[in-house]
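Visitor: First the structure, which I've put down as structure tokens, then a few questions once you've had a look.
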Amino acid sequence: MKFIEYLKEQKITLQDLATACSIPYATLHNNIERPQTLKVVNLRKISSYLDIPMEQLFSMMEDKTESLLQVFLEQKRNNLSGKYLSLSL
């Protein structure tokens with residue numbers, strides 16, 4: 001299931017989600033369009049608010065799914081904590 005479809009089913013707008021998670025609307029919109037730009041801190045906020053595991057949330061956002069664990073490991077390896085997630089697609 002795609003993330004936007006999930007939000008529609010839950011009757012949650014992007015603006016509502018952005019406000020609830022303290023993420024600027026434009027940032028959230030860009031993150032959904034390009035999940036590889038999603039910061040881990042924002043992924044955690046969204047995951048917590050929607051009560052969805054981060055792995056599931058990330059796969060809902062990404063068509064070409066790469067394991068979230070792989071992304072975090074790459075991030076740790078590159079010491080990019082809090083920076084953008086980097087996908088090798």
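Bear in mind that the values in this text are calculations on the coordinates, not laboratory data. Keep in mind it's a predicted model, so treat the numbers as computed, not measured. In this analysis, Cβ positions are derived from the backbone assuming ideal geometry, glycine residues included, and neighbour counts consider all displayed protein chains.
Visitor: Take the Cβ-Cβ distance between Met54 and Leu14 as r, set R0 to 22 Å, and report the resulting FRET efficiency rounded to the nearest 0.05.
Guide: After rounding, the FRET efficiency stands at 0.70.
Visitor: Would you tally the net charge around Leu28, using a Cβ to Cβ cut-off of less than 14 Å, leaving Leu28 out, and scoring K and R as +1, D and E as -1?
Guide: Residues close to Leu28 contribute a combined charge of +2.
Visitor: Now for a separate question. How much length is gained if the chain between Lys2 and Gln36 is pulled fully straight, taking 0.36 nm per residue apart and subtracting their Cα-Cα distance, in nm to one decimal?
Guide: 10.7 nm
Visitor: So how do Met61, Met54 line up by other beta-carbon neighbours within 10 Å, fewest first?
Guide: Met54, Met61
Visitor: Separate question: Would you order Phe58, Phe3 from fewest to most other beta-carbon atoms within 10 Å of each residue's own beta-carbon?
Guide: Details: Phe58 24, Phe3 20.
Taking fewest neighbouring Cβ atoms as first place, the list is Phe3, Phe58.
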